[in-house]
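Right, one structure below, let's go through it.
Values in this text are rule-based calculations from the coordinates and carry no lab data. For clarity, every value in this text was computed on a predicted model and none was experimentally measured. Positions of Cβ are generated from backbone atoms using ideal geometry, with glycine treated the same way; all protein chains shown enter the neighbour counts.
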Amino acid sequence: MFQYIVRRLIWAVIMTLLVISTVFVIFFVLPGGSGRNIEGAGKCSSPIAIMMAGRNPRPALVCNIVKRLGLDKPVYVQYGRYVGNLLQGDMGYSYHSSEPVRDAIFRRLPATASLAIGASFIWLVFGVAIGIVSALRRRSFMDRASMFFALVGVSLPTFFLGLVLVFLFDGRLNIYNVASYQPITSDPVAWLKSMWLPWIVLAYVSMAVYARMVRGNLLEVMGEDYIRTARAKGLREKSVTRHALRSALTPVVTMYGLDLGILLGGAVITESIFNIPGIGSLAVDAISNQDLPTILGTTLFAGVFVIIANLVVDIAYASLDPRVRYS
Amino acid sequence: MAQEVLLEVKDLHVHFPTADGLVKAVDGLNFKVLRGETFGIVGESGSGKSVTNLTALGLIKRETAQISGEILFKGQDLLKLNSEELRKVRGKELAMIFQDPFACLHPFYRVGDQLVEAILCHEKMPKKQAAERATDLLASVGIPHPKERFRDYPHQYSGGMRQRAMIAMALVHNPDLLIADEPTTALDVTVQAQIIELIEKVKTEFNIGVILITHDLGVIADVAQRVLVMYAGRGAEMGTIDEVFKSPLHPYTWGLLESIPRVDSKGTRLVPIEGSPPSLINKPAGCAFHPRCPHRFEKCDKEIPAMQDRGGGHPEACYLSIEDKKRIWAEREARRTKAAS
């Protein structure tokens, strides 16, 4: 088990380095840039620097920026510097607001975390419960109704459902106010009031996916030979169901961990629709502002969350499935 | 001394309605199993061997099947019990082991815990005591280092050990009847012999009845006292091992016997049974075997022959006269031996 965890950890570190390198290559070595060129800037002409320098900059200013950012240095030097800074927790400064990217991300993390944790809790509880009941009461009205509900959920894109619900609850019924986000620390009641609709929107699609998956898994497991053995030895139906759930729910752990990891990196669409100042909307803003350090920071952050989620899931899976542990 | 009748199946029918039609998996079956004997059931896949026994244990969902007839276990009709009463019999007085020990143990639970669970669902006792009993049982079915093995997961067991663990699990409450549904089919040949031997040992030690379902006639000949040959959900022939193997009376039994290799007459030609098992939805009229039977005559597709003693000394279900049967079997034997020399 210990060896297994160490192996996973090493992989996680390698993956993180790969993510950093990829992000670095994409944003620093192949910058989209503004396409403008400054006469007389010579080798100082770097799209990033030109963009940062603002409208009609003097070549000297562009050169200054290039020097300050080290853009005239070879790629590997820039890379080394970037990684070095990163290891000290320095993700650079926003081109747009000049705020340290790290601070911007951490300031916005609570909003994203509120959204992700709340929504994922809802879909986990309801998705799994609906899936179990549907499988155990197969072909009942309850099963058919919830599978229809799930089919609708799987087919509805978040942006559509979100906009419809905003229109309905904010525009018509007036029981929800978009753009009312309050941090939980300042006013928990206002926080709850601002979060319930985004939670439902974000949770619905995944809840549908989870309900269908749990139902399918459980039905499949119920046909396994070891479930027949459990019955043959005279276990009560309750214990037989427990045996089946043990197998059917293990994959849910994997999926949940990964989904949560992805969400913690920012729920771009939901955050944008509901004006939640999270990492997702930070990234969207950064992209429209061509704010490269922020784009870099948010991408990296999201990537690292997925890697951490993978690591946690792998370890959790090993503790749940003995076959993984020993192989 | 008359032996106690443990299980008596009377005119059992198990039909499954499906979209394609009614599947007649078991269609009028009768047999008895006595305490202290090994009762073999042989037949091709789909002949109703497993369905019969799963029905006895109540493992066929009653909502999905039409079941009629009686399955008397120690005088009590299992088909009349409700699910909770049946659960109390299952695993306690009537235990079953299955074909594939790789799939029959839950992969996420320790083998020992699965045994403990089997103990505790019929008998209240402290967990520690149940664990000790489970360890003893593991030892008694020949698992080395039972204390360590108790804590292992099924995937750490070999196939033979898993089947041993399954047998231990079936024995936790000293059942009266053990149903072994192809217990060796999925195992290596060397391990097969050990498992069969273990089942025999268990039978003698606990003085229980064993139903051994298999399509391995060699195993049946080795350990069973009586055997039932099944075809398409019905009995074709039933008798002691000597009766059925030495003087078989049913053409299907002849076919079975000719299709297995024999060490004692090396070089004997193997004669397969022509054709394939019938559809259980549209069974041939009359004797279900008649389309494959080389000795069929007019009567065979008219009426279903009942399994009864037709003068040959043991029950069988073939319309041929006893004289014809004896003559034909003698000829077939002679032809086979001749082909060998």
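Hey, what's the per residue convex hull volume over the C-alpha atoms of the protein assembly as shown, in cubic angstrom?
Working: hull volume 164.7 nm³, N = 668.
Per residue, the Cα convex hull of the protein assembly as shown comes to 247 Å³.
Of the residues B:I281, A:I279, the one with the fewest other Cβ atoms within 10 Å heads the list, and the complete ranking is B:I281, A:I279.
Our summary gives chain B a relative contact order of 19 percent, counting only alpha carbon pairs under 8 angstrom and 6 or more residues apart. For B:D27, the residues whose modelled amide H falls within less than 5 Å of its own, excluding neighbours fewer than 5 places apart on the same chain, are B:V14, B:R234.
Over chain A, consider all pairs of different Cα atoms and compute the Kirkwood hydrodynamic radius from their mean reciprocal separation; express it in Å, one decimal. Don't skip to the answer; put the middle values down first.
Values: mean 1/r = 0.0436 Å⁻¹.
Hydrodynamic radius (Kirkwood, Cα only) of chain A equals 22.9 Å.
Helical content of the protein assembly as shown, expressed as a calculated mean residue ellipticity at 222 nm, amounts to -17000 deg cm²/dmol (DSSP H runs of 4 or more residues, -39,500 (n - 2.57) each, divided by residue number, nearest 500).
By per-residue mean of other Cβ atoms within 10 Å, what is the highest-first order of A:52-61, B:207-216? Write down the numbers at each step before the final one.
On the way: A:52-61: 14.0, B:207-216: 21.7.
Result, highest mean Cβ count within 10 Å first: B:207-216, A:52-61.
Comparing mean-square fluctuations of A:Q88, A:Q290, A:Q182 from a GNM of chain A with C-alpha springs under 10 Å, the top value falls on A:Q88. Mean separation of Cα pairs under 8 Å and 6 or more residues apart, divided by the residue count, gives chain A a relative contact order of 23 percent.
In debye, nearest 20, what is the charge dipole magnitude of chain A about its Cα centre with +1 on Lys and Arg Cβ and -1 on Asp and Glu Cβ, if you could check? Please report the intermediate quantities before stating the final value.
Numbers: 30 positive and 18 negative charges, 173 e Å.
So the magnitude is around 820 debye.
Segment A:139-205 and segment B:28-68 have Cα centres separated by 54 Å.
When B:D100, B:D181 are arranged by Cβ crowding within 10 Å, least crowded first, meaning fewest neighbours, the order is B:D100, B:D181. Partner shielding of A:233-245 amounts to 5, given as the average count of beta-carbon atoms from other chains within 10 Å of each residue beta-carbon.
Using just the Cα positions, wrap chain B in a convex hull and report its mean projected area in square nanometres, one decimal place.
Across all orientations, chain B yields a mean hull projection of 18.9 nm².
Its residue count N fixes a reference of 2.2 N^0.38 Å for segment B:149-222, and the Cα radius of gyration divided by that reference is 1.10. Averaged over the residues of B:148-161, the number of partner chain Cβ atoms lying within 10 Å of the residue Cβ comes to 1.
Output the peptides B:14-23, B:168-177 sorted from most to least packed, where packing is the average of other Cβ atoms within 10 Å over each peptide's residues. Please list the in-between numbers first.
Values: B:14-23: 13.5, B:168-177: 22.3.
Final packing ranking: B:168-177, B:14-23.
Non-local lysine pairs in segment B:55-169, meaning eight or more places apart or on different chains, with alpha-carbon distances under 19 Å, amount to 11.
Rg to Rh ratio, segment B:106-156, alpha-carbon atoms and Kirkwood radius? Write down the numbers at each step before the final one.
Values: Rg = 10.4 Å, Rh = 10.9 Å.
Rg/Rh for segment B:106-156 comes to 0.95.
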